[in-house]
């Protein structure tokens, strides 16, 4: 085997130009794949983190069935027992109760359907970034305030200004129709067109009074964690603690299924592009190895005629391909890691119209990269497998080569 390894290494450099071209092709495929996946996963990561920390939270606690049918009546009591269990979990950084209901907002002759969000500004500011999305004016400071913040598009649709008074109507938990007057003190821009033209944020105690949610009833609790790594572990712990209570513990993937599916769809398209790139490179490797083998048929014929087993010739070609692939992959990984590291430190940020388009769909106008070890492991194994697979046909030709035909080959 040592002799075959030495012969394989020497054979690689007998035709330097061909070997360097093959090496360059594998290197290009590797660093392009690493950079492409780095951009994809890095951008997904930053957008998922942004979406989760914007308002939904890493984990939510809801009444069972509320996610499929967000009814006002699927509220639950926000008891001290629930708070104690959440506070006792060391992985939970903060949590915030929520109320969500459909309503109607009116100003003079204008009225529009709205989504009422009742929040506690004290806990919400520590759990999500929704209060940081204030565009104009100011947020209310108390959960009993009669001040509200609405979406910037809703303000324009109502043809009103900051400081004006509006009427908000909503059907109460007991079936009554509640209505209250509020002063609009600010507007919020989340980047979601639907939310920006329908959202009304008010204090959670005020929302409970408007909607007759007595007994400290709420619809969900948003939970913030240190990272995504502990998300499933925390969900399992909380699920076991709330067993039999009628409460469901959901991850962000379950709370935002549409967002998850859009990322998965984009991820599939990226993988397809990656496969196309690698297949093109595979044909290049196949062509190079086939030429290398064909040119040496005379040499192989002589070698076989003096007693060398054909299987060893197959091993020799396989080792040559393996050497070129490994060297190319290592160089490509290093270049890809350098590119990914650079864009982690210096993300691409879009401005003007591009930034507006990204924000309109709820994405950050920024492209980042990632140094996730699985990027390098997966791409290394995939390109190595493709490289080995691309030389199967040349190996077959060598295995079937007869000594006399090899010697006479021209």
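In the range 186-225, what residues are assigned to a loop (DSSP other than H, G, I, E, B) and touching a helix residue (DSSP H, G or I) at 6+ places or on another chain (Cβ under 8 Å)?
Step one: of the range 186-225, the residues assigned to a loop (DSSP other than H, G, I, E, B) are 189-192, 197-198, 211-216, 219.
Answer for the range 186-225, where residues must be assigned to a loop (DSSP other than H, G, I, E, B) and touching a helix residue (DSSP H, G or I) at 6+ places or on another chain (Cβ under 8 Å): 189, 190, 191, 197, 198, 213, 214, 216.
Scanning the range 76-121 for residues that are over 19 Å from residue 61 (Cα atoms) and surrounded by fewer than 13 Cβ atoms within 10 Å (Cβ to Cβ) gives 108, 109, 110, 113.
Taken together, the criteria exclude residue 104 from residues that are in a helix (DSSP H, G or I) and in contact with a strand residue (DSSP E or B) (Cβ under 9 Å, 6 or more places away or on another chain). Considering the range 329-351, the residues that are at pLDDT below 90 and surrounded by 15 or more Cβ atoms within 10 Å (Cβ to Cβ) include one that is farthest from residue 24 (Cα to Cα), namely 350. Residues that are closer than 26 Å to residue 53 by Cβ, in contact with a strand residue (DSSP E or B) (Cβ under 8 Å, 6 or more places away or on another chain) and not assigned by TED's automatic domain parsing to the domain that holds residue 31 number at least 1 in the following helices (runs of 4 or more DSSP H) confined to the range 238-307: 252-255.
With the condition kept exactly as written, say whether any residue in the range 352-368 is farther than 18 Å from residue 50 by Cα and at pLDDT 80 or above. For the range 352-368, residues farther than 18 Å from residue 50 by Cα and at pLDDT 80 or above: absent.
Restrict the check to the range 225-248 and report whether at least one residue is closer than 29 Å to residue 392 by Cα and loosely packed, with under 15 Cβ neighbours inside 10 Å. No: the range 225-248 contains no residue that is closer than 29 Å to residue 392 by Cα and loosely packed, with under 15 Cβ neighbours inside 10 Å. State all residues of the range 37-75 that are within 22 Å of residue 277 (Cβ to Cβ) and either out of contact with any helix residue (DSSP H, G or I) (no Cβ under 6 Å at 6 or more places or on another chain) or surrounded by fewer than 19 Cβ atoms within 10 Å (Cβ to Cβ) (or both); if no residue qualifies, say none. 39, 41, 42, 43, 44, listed by residue number. Only one entry in 41, 86, 74, 23 is in a helix (DSSP H, G or I) and assigned by TED's automatic domain parsing to the domain that holds residue 238, namely 86.
Could you grab me the full set of residues in the range 136-162 that are assigned to a loop (DSSP other than H, G, I, E, B) and at pLDDT 90 or above?
Selection gives 138, 139, 140, 146, 159, 160, 161, 162.
The values are calculated or read from the model by the stated rules, or taken from the named source; none is laboratory data. None of these values were measured; they are calculated from a predicted model. Here Cβ is always computed from backbone atoms with ideal geometry, including for glycine, and neighbour counts include all displayed protein chains.
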